[in-house]
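Read the structure below first, then the notes.
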Amino acid sequence: MAPHLPHGLRKFALGIADATVTLPILRWTWRGLADDAFGGELPELRPADREAVRDMMAGRYLLASKLIETNGASPFTLEVSHVDWWLNLHGFSWLRHFRDVRDSGERRFARMLVLDWIGHEAQFQHDTWAPALTAQRVINWLRHLPLLLDGANAAEARTIQRVLGTQIQSLKVRAPLTSDPAEALFAGIALLGAEFCEQDDKTDVPSRVERLNALLASQLDNDGLHLSRNPRLQLQLLVELVSVRHIAAAVKSEAGNELVAQIDRMHESLDALTLSSGEPAYFNGCGQLPHDVLIAIQANGPTRKRRSMLLGGYGILRDGNAVVIADSGLAPPPGLASDLHASALGFEFSHGTELILGSCGPAPSDLPDSKALFRQGIAHSAPTIDAEDAPAQRNPAITLDKADNLLILSSSGYAKRFGVEIERRITLLSQGTTLVGQDRMVAAAKGTPSGLLAIRFHLAPGVMVRRNRGEGILRLVLPNGAVWSFLWEGAQFREEESVRQSAYVGFDKTRQLVLEADVVADAEVAWIFTLEQG
């Protein structure tokens, strides 16, 4: 609808249209699939945990790393402020834990939870029937439909099939009206899966493959990175896409082949943004991801290609056992910037299994008032001036010198306010045992240089700082016992408290190293991290 309109106006128009089709007088049309039968034919690749089944049966729901006890009440009646927990509950990704159970009581419990949701939420509600959430719920029900129908009586089976059909029809009606591109993409994946699982008629599968292929192509760059630049969203999309990949491969069409290729490129991009410690870099809304899910999804991707490269506004250096991932501050297109962080020139650094330098991460979902705080430049290992953020740019400068394993990033975001641009050079040397950086203040075309430059290095959890009085060198002791030295030149040093957001334990208290220097044209601050041998 009206694709030529500016994003804000288009969003308003689509919102009006969606509000119209969700009126009670029109929602009866969503039941057009009520008599259709579906079969669970979508693969589930995420790991299952039998302990999670036992916990849920005991009223303990550990979802999105948040444990909530229901004390005998239905989980769907609880008022929970932890958004990720709530989304996980209503998205039904936890159904995978029941996948391999053979006990009839445990299987019946899974079905009762689905029927419990139907009893509370089968009537349309804007939050629980949001297109992305509905799409994830539909895919999860289709993945485990044999489990849900096994042992069900005729009335229960009809109820599950009818509500499943109604949700699918709602996606057909509402997906074209969403202003959120990611929501439309989740809906497209679910509709392809539903078309494939419909038992009586699969004639629309090729057209659904074609539509999903076009939709995905509009939201990925040439390397397969989602234009939001959020590794968390990249993983969430892959979780759903791997379940429909075999459908695209079976269609034997140009669109099917290209859809398979796009999914493979998405795997490669996510792997490129993953540090040697096994976690993707904390940029643009990505925090700690479930490691078991990440491994399971990536295991179904193509062979990994580990190398230094530029990818979607990120610069990646690899050498030996070390990885550096830096953000240029590239601005996503309108509609895809909801998770944008002020991380221009920020980077994360790992060696082997240990993270050394990182970012604070996104705010926990149960602390929404802190969201803006964690998006600031000071929450990243990046340079800032007077603690202000550098705005994201449509075409930030970033280059890679492969011969020297050198990244050069620059930001003009401070030019108008402080009279300088900042150029950051990062070099990874000696099989990843030495990281060298230079931050240079380049005079802008207009304005007088002013302000205080601060360069922050947020240390990973468990890294201890050791410094002898009077020495111009620090030693960082990692949890595995490795010792790195840190030296600097051209700035004053201080040490401060910091945090890193963990999905499992909340905030990890950490430390940060801060270098400060007056903003002066052509001045430079140099720094180096080196692994001490022996």
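For the reader, a short list of remarks on this structure follows.
- Residue in the range 88-103 that is outside any loop (DSSP other than H, G, I, E, B) and modelled with pLDDT under 95 present: no
- Where a residue in the range 192-209 is polar (S, T, N, Q) and its partner, wherever it lies, is in a loop (DSSP other than H, G, I, E, B), with Cβ under 7 Å and at least six apart: Q199/A37; Q199/G39
- Checked against (1) in contact with a helix residue (DSSP H, G or I) (Cβ under 6 Å, 6 or more places away or on another chain); (2) surrounded by fewer than 23 Cβ atoms within 10 Å (Cβ to Cβ), S170 passes all but condition (2).
- The test for being surrounded by fewer than 19 Cβ atoms within 10 Å (Cβ to Cβ), closer than 27 Å to C286 by Cβ and either touching a His at 6+ places or on another chain (Cβ under 7 Å) or not assigned by TED's automatic domain parsing to the domain that holds Q125 (or both) does not hold for A187.
- Looking across the range 444-473 at every residue that is modelled with pLDDT of 95 or more, more than 29 Å from the chain's Cα centre (by Cα) and within 27 Å of G315 (Cα to Cα), the one that is surrounded by the most Cβ atoms within 10 Å (Cβ to Cβ) is identified as L453.
- Residue within the range 398-407 that is without any contact (Cβ under 8 Å) to a residue 60 or more places away in the chain, assigned to a helix (DSSP H, G or I) and surrounded by fewer than 21 Cβ atoms within 10 Å (Cβ to Cβ) present: no
- Total residues in the range 120-143, condition in a helix (DSSP H, G or I) and polar (S, T, N, Q): 3
- Only one of the numbered conditions (1) crowded, with 18+ Cβ neighbours inside 10 Å; (2) at negative phi; (3) among the small types (G, A, S); (4) touching a residue at least 60 places away in the same chain (Cβ under 8 Å) is violated by A296, and that is (1).
- Tally, over the range 233-255, of residues that are surrounded by fewer than 20 Cβ atoms within 10 Å (Cβ to Cβ) and touching an Asp or Glu at 6+ places or on another chain (Cβ under 8 Å): 2
- Residues satisfying the stated conditions in the range 70-100, i.e. acidic (D, E) and surrounded by 13 or more Cβ atoms within 10 Å (Cβ to Cβ): D84
- Cβ-Cβ distances below 7 Å connect the following pairs, each with a first residue in the range 300-315 that is among the hydroxyl-bearing types (S, T, Y), a second residue that is outside any loop (DSSP other than H, G, I, E, B) and at pLDDT 85 or above, and a separation of six or more residues or different chains: S308/I316; S308/L317; S308/R318; S308/L400; Y314/I325; Y314/A326; Y314/D327.
- Among the residues making up the range 410-449, a single one is in a helix (DSSP H, G or I), in contact (Cβ under 8 Å) with a residue 60 or more places away in the chain and on the phi < 0 side of the Ramachandran plot: F418.
The values are calculated or read from the model by the stated rules, or taken from the named source; none is laboratory data. If you're wondering where the values come from, they're calculated on a predicted model, not measured in any experiment. Please note: Cβ atoms are built from the backbone with ideal geometry, for glycine as well, and neighbour counts cover all protein chains shown.
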